[in-house]
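*Asks:* The following block contains the structure, expressed as structure tokens.
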Amino acid sequence: MNLQKKVTIKEVGPRDGLQNEKQMIQTEDKIEWINMLSETGLTYIEITSFVNPRWIPQLADAVQVAKSIKRKNDITYAALVPNERGLEGALEANVDEVAVFMSASETHNLKNINKSISDTYPVLKPVIQEGIVAGKSVRGYVSTVFGCPYEGEVSIDSVLAVSEQLFSYGIEELSLGDTIGVANPKQVEEVLTEVLKRFPRERIAMHFHNTRGTALANVLVALNLGITNFDSALGGLGGCPYAPGASGNLATDDLHYMLAGMGIETGINKEKLIQAARFLEEKMGKELPSHTMQTERSKISN
Ligand code: HMG
Ligand code: MG
């Protein structure tokens, strides 16, 4: 294995994790949770999204959350934005990074952001460019890279076409999303091999959902191809409400366990991570589904 020595884990739990929960979390609890995440050694936290609250009511308190958290200088606090209106909110709340998003498949793009792929480009181009002018770094997500809940298979050419456009508008990093957790390691190798012929590996991140238990295997393949940025959500929450069948993100605690065991540095403190996960379990009144949290609970009951 050709393994990297250092990996950046990008915590997306406060956004991807909470957007898919039926239960609303109190704003002050979100703020306290993000403050706890800031103490874990994570260097990147996606804290919310500035989307239409009618579409994602769970994150309607985006401005308040972004304005109220305690910020640390060495952490990038990011937020998802779908359009100019979202960018205004993100700039008002002064997040460090904005992330635009669209899909490689037409139907998911339409269901998720109400537009065709070709109609999305003229919306995102000015968002990316104005974000950069405002001094923000801009990240791009491509969803349904490994399969679409409505269309099934997605061609590598569609993934490359969307990626090419987003990079041409100025995004710094592209996160490739396995939105419904269908990817397998062979497919990850095939897609990444093509992606890496066109874009530098430092500017690619992987965003795996763990619906079918393949996320860590997929991470290993990506690591072997030189990828060092991985998105995950503490405790394994997550999913896109506009992608039927989507479930939890790769869990940050499980990813950290595997990387730490392999001697790969992440800068994250396991105990603080577990504390933050326990806090969320208490506030949500439910157990988080990650393997690590299951193991932690069995230690307590033994
Ligand atoms: P639309 O209805 O087509 O928007 O929604 P519109 O431009 O026609 O405007 C309609 C109304 O929405 C107007 O209000 C706008 O002001 C308002 P009205 O005049 O009717 O009162 N509006 C907004 N309000 C607040 N914030 C905004 C905003 N924009 C318009 N930013 C839109 C288009 C994109 C807004 C909508 O479809 C939307 O919000 N979608 C978000 C869906 C979403 O958040 N999905 C989950 C995130 S993506 C994901 O999870 C995948 C990822 O994790 C990677 C992976 O796993 O693959 C990233
Ligand atoms: Mg996601």
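*Asks:* What number of residues in the stretch 133-148 are within 16 Å of ligand 2 (Cβ to nearest atom) and either assigned to a strand (DSSP E or B) or more than 19 Å from Asn218 (Cα to Cα) (or both)?
*Replies:* Within the stretch 133-148, the first condition is being within 16 Å of ligand 2 (Cβ to nearest atom), and the residues that meet it are 139-148.
Cutting the leftovers down to either assigned to a strand (DSSP E or B) or more than 19 Å from Asn218 (Cα to Cα) (or both) gives us 139-143, 148.
Qualifying residue count, the stretch 133-148: 6.
*Asks:* Here is a follow-up. Can you tell me which residue among Leu288, Leu255, Leu273, Leu259 is crowded, with 19+ Cβ neighbours inside 10 Å, under 18 Å from Met206 (Cβ atoms) and touching an Asp or Glu at 6+ places or on another chain (Cβ under 9 Å)?
*Replies:* Working: Leu288 fails: under 18 Å from Met206 (Cβ atoms); Leu255 fails: touching an Asp or Glu at 6+ places or on another chain (Cβ under 9 Å); Leu273 fails: under 18 Å from Met206 (Cβ atoms).
That would be Leu259, the only listed residue that is crowded, with 19+ Cβ neighbours inside 10 Å, under 18 Å from Met206 (Cβ atoms) and touching an Asp or Glu at 6+ places or on another chain (Cβ under 9 Å).
*Asks:* Part of a loop (DSSP other than H, G, I, E, B), closer than 26 Å to Pro149 by Cβ and aliphatic (A, V, I, L, M) - does that describe any residue in the stretch 254-268?
*Replies:* Here is the first cut: in the stretch 254-268, the ones part of a loop (DSSP other than H, G, I, E, B) are 262-264, 266-268.
Narrowing further to those that are closer than 26 Å to Pro149 by Cβ: none.
The answer is no, given that none of the residues of the stretch 254-268 is part of a loop (DSSP other than H, G, I, E, B), closer than 26 Å to Pro149 by Cβ and aliphatic (A, V, I, L, M).
*Asks:* Looking at this structure, is Gly177 modelled with pLDDT of 95 or more, closer than 22 Å to Tyr44 by Cα, among the small types (Gly, Ala, Ser) and under 19 Å from the mean Cα position of the chain (by Cα)?
*Replies:* On the way: modelled with pLDDT of 95 or more: yes; closer than 22 Å to Tyr44 by Cα: yes; among the small types (Gly, Ala, Ser): yes; under 19 Å from the mean Cα position of the chain (by Cα): yes.
Judged against the criteria, Gly177 is a match.
*Asks:* While we're looking at this one, here's another question. Do we find that Asn20 is in contact with a Gly (Cβ under 8 Å, 6 or more places away or on another chain), closer than 25 Å to Leu176 by Cα and either among the aliphatic types (A, V, I, L, M) or within 16 Å of ligand 2 (Cβ to nearest atom) (or both) in this structure? Show your work before the answer.
*Replies:* Values: in contact with a Gly (Cβ under 8 Å, 6 or more places away or on another chain): yes; closer than 25 Å to Leu176 by Cα: yes; either among the aliphatic types (A, V, I, L, M) or within 16 Å of ligand 2 (Cβ to nearest atom) (or both): yes.
Yes, satisfied.
*Asks:* When you go through Val219, Val182, Val191 one by one, which is the residue that is buried (at least 19 other Cβ atoms within 10 Å of the Cβ) and more than 18 Å from the chain's Cα centre (by Cα)? Reasoning before the result, please.
*Replies:* Numbers: Val219 fails: more than 18 Å from the chain's Cα centre (by Cα); Val182 fails: more than 18 Å from the chain's Cα centre (by Cα).
It is Val191.
*Asks:* Testing Glu92 on (1) free of Cβ contacts under 8 Å to residues at least 40 places away in the same chain; (2) surrounded by 19 or more Cβ atoms within 10 Å (Cβ to Cβ); (3) of a type in the set (Asp, Glu), one condition comes back false. Which one is that?
*Replies:* (2)
The values are calculated or read from the model by the stated rules, or taken from the named source; none is laboratory data. A quick note: this is a predicted structure, and the numbers were derived from the prediction, not measured. For neighbour counting, all protein chains shown are included, and Cβ atoms are generated from backbone atoms with ideal geometry for every residue, glycine included.
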